Amino acid sequence: MTTFQAPKGVPDYIPPTSASFAKVRETLLEAARLAGYGYVELPVFEDTALFARGVGESTDVVTKEMYTFTDRGDRSLTLRPEGTAGVMRAVIEHGLDRGQLPVKLAYAGQFFRAEQPQAGRYRQFHQVGIEAVGVDDPAVDAEAIAVADAGFRALGLTGYRLELTSLGDATCRPEYREKLQAFLAKLPLDEDTRRRAELNPLRVLDDKRPEVRELVADAPLMVDHLSDSARAHYDQVKGYLADLGVKFVENPRMVRGLDYYTKTCFEFVHDGLGAQSGIGGGGRYDGLMEQLGGQPLSGVGFGLGVDRALLACGVEGITPGDETRCDVYGVPLGEVAKSRLVGLSAPLRAAGVRFDLAYGGKGLKGAMKGADKSGAKFALVLGERDIEAGVAQLKDLATGEQRPVPLADVVPAVLEALAR
Ligand code: HAM
């Protein structure tokens, strides 16, 4: 019979790595929680039009990468390729923007993009994100950046850098775009690149080919053409980052794959990851909420790649989670012992001890093998003679030392041994 494999480009996380995956997600979310972001759990599919309008009709994400399907009611739905549009939809739908501002929300979950799979680039991937909606204050931009940085630091990561730039605002961006297009029009670019220059000239600045790089080396840059207010905003973000002790490098050629960004834009880049080096990114989005039918309020946020952050941990030799699955492993020798250990599992677990035991009538050897594989620190061995003596044997699996503990006191004895 044929067996099944996960769809192309979709990773499985299985023990023991899955524990580290969960820990990365939890650590990044905790950084958001510490800055007052409330958790939201939003649908993984939404109206297709939400993403088309929110993310941008001309982006690769919308034109090439969406998982779109028609449901039984003939509605066009799309698996979310990113989180910001959905959060905006929920903020507007529930009127959260009519309360205290900024609305600060955090989320974690799966996102879907039909990209060409490669190391660190998946079709289903996981992000932890935040959005702070409703206040156009550069201190909030700096806070978002600092939260991401704190999350990565809390994982123990050090081999990354924060890149920062400003994409300007509604007054200076159109003017700059024209200037850039005029500059690009004079260059001997190939047909494809020329078309890109028409649609999204900023992308050409980010072209990785050396010959194109050389051609655009003297291109005008947005940061040199900022309006007074966009310039002031950018300068203040940098000032607050200094207050927060967050280091950054400016990258005036940064291009983000989503259309909604204005003013502050940032990316966290890890040097050990090869081509897919972006472990997180975000920025401010001035017009998005209005474009989605809400008030003209701006917002700022980020999405951090959980899969890539875990890969970065691997590169830096960090194991984020406790990859063992239990603390104590029961080894029953015989039916009576088994029933006693089954009975002990409830109070042990209630006391917070991760407890598992050998099922399936294994002998001593097989059960001890299970104990070793489980990652437990101790085995709780129980034989008929032990029961007669009213004890269980607590065996330290690292040293091999074994000592009897009274059956009536197993829970405190185990807790004490684990605390040592
Ligand atoms: P993004 O830069 O498209 O931004 O994605 C954020 C992060 O998700 C990336 O830096 C990367 O770590 C991870 N990521 C993206 N695509 C993949 C993939 N195919 N496989 C693995 N990881 C991936 C956003 O999605 C924005 N919504 C972030 C944001 C929130 N901006 C403002 N608020």
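The values are calculated or read from the model by the stated rules, or taken from the named source; none is laboratory data. Treat the numbers as computed from the prediction; the structure is a model and nothing was measured. Cβ sites come from the backbone with ideal geometry, for glycine too, and all protein chains shown count toward neighbours. All accessible areas refer to the heavy atoms of the entire protein, side chains included, with ligands and DNA or RNA removed. Shrake-Rupley method; radii C 1.70, N 1.55, O 1.52, S 1.80 Å.
What does the extension gain come out to for residue 417 and residue 60, with contour length at 0.36 nm per residue minus their alpha carbon separation?
So the chain would gain 122.9 nm between residue 417 and residue 60.
How much length is gained if the chain between residue 158 and residue 401 is pulled fully straight, taking 0.36 nm per residue apart and subtracting their Cα-Cα distance, in nm to one decimal?
83.5 nm
Please determine, in degrees from 0 to 90 and to the nearest 10, the orientation of helix 138-154 with respect to the longest principal axis defined by the Cα atoms of the chain, where the helix direction is its Cα long axis.
That works out to roughly 30 degrees.
In debye to the nearest 20, how big a dipole does the chain give about its Cα centre with +1 on each Lys and Arg Cβ and -1 on each Asp and Glu Cβ?
1200
Measure nothing fancy, just the Cα-based angle from helix 335-350's long axis to the longest principal axis of the chain, in degrees from 0 to 90, nearest 10.
40
How far is the Cα center of the stretch 1-53 from the Cα center of the stretch 83-107, in Å?
20
Quick one: Debye curve from the C-alpha atoms of the stretch 328-415, no solvent, what's log10 I(q)/I(0) at q = 0.12, 0.13, 0.15, 0.18 Å⁻¹?
Treating every Cα as an identical point scatterer, log10 I(q)/I(0) equals -0.28, -0.34, -0.46, -0.68.
Per residue of the stretch 74-85, in order, report the coupling 6.51 cos²θ - 1.76 cosθ + 1.60 (Karplus, θ = phi - 60°) as ³J(HN,Hα) in whole Hz, putting x for Gly and Pro.
Couplings: 6, 8, 8, 10, 9, 5, 4, x, 6, x, 5, 4 Hz.
Net charge around residue 43, counting only other residues with Cβ within less than 14 Å of its Cβ (Lys, Arg = +1; Asp, Glu = -1)?
Working: positive: 75, 80, 89; negative: 41, 46, 47, 71, 82, 93.
Taking every Cβ under 14 Å from that of residue 43, the sum is -3.
Put +1 on the Cβ of each Lys and Arg and -1 on the Cβ of each Asp and Glu in the chain; which of 119, 360, 251 then has its Cα farthest toward the positive end of the dipole?
360
Please calculate the 1.4 Å probe accessible area of residue 67, with all protein chains present, and give it to the nearest 10 Å².
80
Per residue of the stretch 253-258, in order, report the coupling 6.51 cos²θ - 1.76 cosθ + 1.60 (Karplus, θ = phi - 60°) as ³J(HN,Hα) in whole Hz, putting x for Gly and Pro.
Residue by residue, the stretch 253-258 yields 9, 5, 10, 9, x, 10 Hz.
Any idea what angle helix 228-244 forms with the longest principal axis of the chain, computed on alpha-carbon atoms, 0 to 90 degrees, nearest 10?
Approximately 30 degrees, to the nearest ten.
For residue 391, list long-range residues whose amide hydrogen, built 1.01 Å from N in the peptide plane, is under 5 Å from its own amide hydrogen.
Long-range HN contacts for residue 391: 407.
Using only the Cα atoms of the chain, each taken as one equal point scatterer with no solvent, compute I(q) by the Debye sum, divide by I(0), and report log10 of the ratio at q = 0.09, 0.13 Å⁻¹.
With one equal scatterer per Cα and no solvent, log10 I(q)/I(0) is -0.68, -1.10.
Which three extents, in whole angstrom, do the alpha-carbon atoms of the stretch 68-160 cover along their principal axes, largest first?
Here the spans come out as 45, 42, 17 Å, largest first.
So how much slack lies between residue 218 and residue 385, counting 0.36 nm per residue of separation and subtracting their Cα-Cα distance, in nm?
In short, 51.6 nm is gained.
Grab the other residues whose beta carbon is less than 14 angstrom from that of residue 266, score K and R as +1, D and E as -1, and report the net.
+1
Using a Cα-Cα cut-off of under 19 Å, which lysines could be cross-linked to residue 395, ignoring same-chain neighbours fewer than 8 residues away?
The qualifying lysines are 338, 362, 365, 369, 373, 377.
What is the distance, in nm, between label points placed 7 Å from the Cα along the Cα-to-Cβ direction at residue 76 and at residue 26?
Taking the two extended label points, one gets 4.2 nm.
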